[in-house]
1. Considering every residue within the range 163-177, establish whether at least one is touching a helix residue (DSSP H, G or I) at 6+ places or on another chain (Cβ under 8 Å), under 20 Å from residue 360 (Cβ atoms), modelled with pLDDT of 95 or more and not assigned by TED's automatic domain parsing to the domain that holds residue 62.
2. Is one or more of the residues making up the range 347-357 within 16 Å of the ligand (Cβ to nearest atom) and either over 14 Å from residue 265 (Cα atoms) or not assigned by TED's automatic domain parsing to the domain that holds residue 253 (or both)?
3. Report, ordered by the first and then the second residue, all pairs with beta carbons closer than 6 Å, sequence separation of six or more or different chains, a first member in the range 294-313 that is outside the structural domain of residue 105 (by TED's automatic domain parsing), and a second member that is assigned to a helix (DSSP H, G or I) and surrounded by 14 or more Cβ atoms within 10 Å (Cβ to Cβ).
4. Which condition from (1) within 16 Å of the ligand (Cβ to nearest atom); (2) touching a helix residue (DSSP H, G or I) at 6+ places or on another chain (Cβ under 9 Å); (3) under 24 Å from residue 270 (Cβ atoms) is the one that residue 186 breaks?
5. When the range 73-113 is examined, which residues are found to be away from the ligand (no atom under 16 Å from the Cβ) and within 23 Å of the chain's Cα centre (by Cα)?
6. On the given criteria, is residue 349 exposed (fewer than 15 other Cβ atoms within 10 Å of the Cβ), at pLDDT 95 or above and assigned to a loop (DSSP other than H, G, I, E, B)?
7. On the basis of being without any contact (Cβ under 8 Å) to a residue 40 or more places away in the chain and either surrounded by fewer than 23 Cβ atoms within 10 Å (Cβ to Cβ) or farther than 20 Å from residue 35 by Cβ (or both), does residue 195 make the cut?
8. Taking residue 126 as meeting all but one of (1) surrounded by 22 or more Cβ atoms within 10 Å (Cβ to Cβ); (2) more than 17 Å from the chain's Cα centre (by Cα), write down the number of the exception.
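The values are calculated or read from the model by the stated rules, or taken from the named source; none is laboratory data. Worth saying up front: this structure is predicted, and the values here are computed from it rather than measured. Please note: Cβ atoms are built from the backbone with ideal geometry, for glycine as well, and neighbour counts cover all protein chains shown.
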Ligand code: MRU
């Protein structure tokens, strides 16, 4: 389905970012590479297409990637052509490893896949029909829980700001990165419900423009007061006193509170520190990776040079043979983060101790093997 820009502004929030179509056995996503020009829903059934959708950022944002992977691996399990539990498990593991190779940084991908594998391991003696049923239930749970998690992040975040505040965000940690509300945008949506009248600055977020194309679109469509700025303008607006808090999302948080998020986040964090503006990282507990001691251990995705040199231009905007470095994420040092807001409460330094109190118990099995607490 496709729509024009006018319809996008009316309707973007009415579409589900990522969903399971139970009748068609399909993963349904909004193709985010087409936004803001077109709303195009994709209905994907094939594992290769789901891998590609994650890889090419048709579905993106850490929580949405996790939900897409959970639905994707469930659909793959439905297609496994054996009812022998051991052979089924082997095929499941192959499909899981394949999907896990789609993107490296957002830990939600691995968290969701591990959670789905846990279902298979626990219920292997019950046979493949029962496992498939339970995998569907788990995928739907992961989808539905995300809505509640984001809402709770929003409630906690809202206690840190006041009506009329100027807020700045980077990239898209919005509804389009989750099932609903977003993480960094959750306080904005909840604040809007309660008449907070925030003034929201959105970094355009080079090179893929998730801020301009996605965050500005969805917040504007929701009727919020949105001002789009280039990435290099955050100092200008903060120096003028127009920003009282920065909210960003994250793809992975290490045990010490170092946080990987979209490239440029650490620049915003340095600027915020300079102007005494608190920077809050909104992180579902599924994004906290206690197996990594510091942010130095977080794998950082690098993407194609063309995203910088030509993707948005009619003619190439750089010399043909120039070297290009295009890391997709950077790590913000925990010393630059005022607090990390989870669905279970607000973590403040020292983060390792704070996370220990906020993380669900028991931790998911995959994390128990190499835990850093
Ligand atoms: O490359 P992307 O668009 O997937 O990067 C997304 C981000 O960096 C988001 O800020 C992060 O995943 C948090 S989404 C709630």
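1. No.
2. Applying the first criterion (within 16 Å of the ligand (Cβ to nearest atom)) to the range 347-357 yields none.
Within the range 347-357 (the criterion being within 16 Å of the ligand (Cβ to nearest atom) and either over 14 Å from residue 265 (Cα atoms) or not assigned by TED's automatic domain parsing to the domain that holds residue 253 (or both)), the answer is no, since none of the residues qualifies.
3. That search, which allows pairs on different chains as well, returns nothing.
4. Going through (1) within 16 Å of the ligand (Cβ to nearest atom); (2) touching a helix residue (DSSP H, G or I) at 6+ places or on another chain (Cβ under 9 Å); (3) under 24 Å from residue 270 (Cβ atoms) one by one, residue 186 breaks only (3).
5. Listed by number, the residues that qualify are 73, 74, 75, 76, 95, 96, 97, 98, 113.
6. So residue 349 fails the test.
7. On the way: without any contact (Cβ under 8 Å) to a residue 40 or more places away in the chain: yes; either surrounded by fewer than 23 Cβ atoms within 10 Å (Cβ to Cβ) or farther than 20 Å from residue 35 by Cβ (or both): yes.
Taking the combined requirement at face value, the residue satisfies it.
8. (1)
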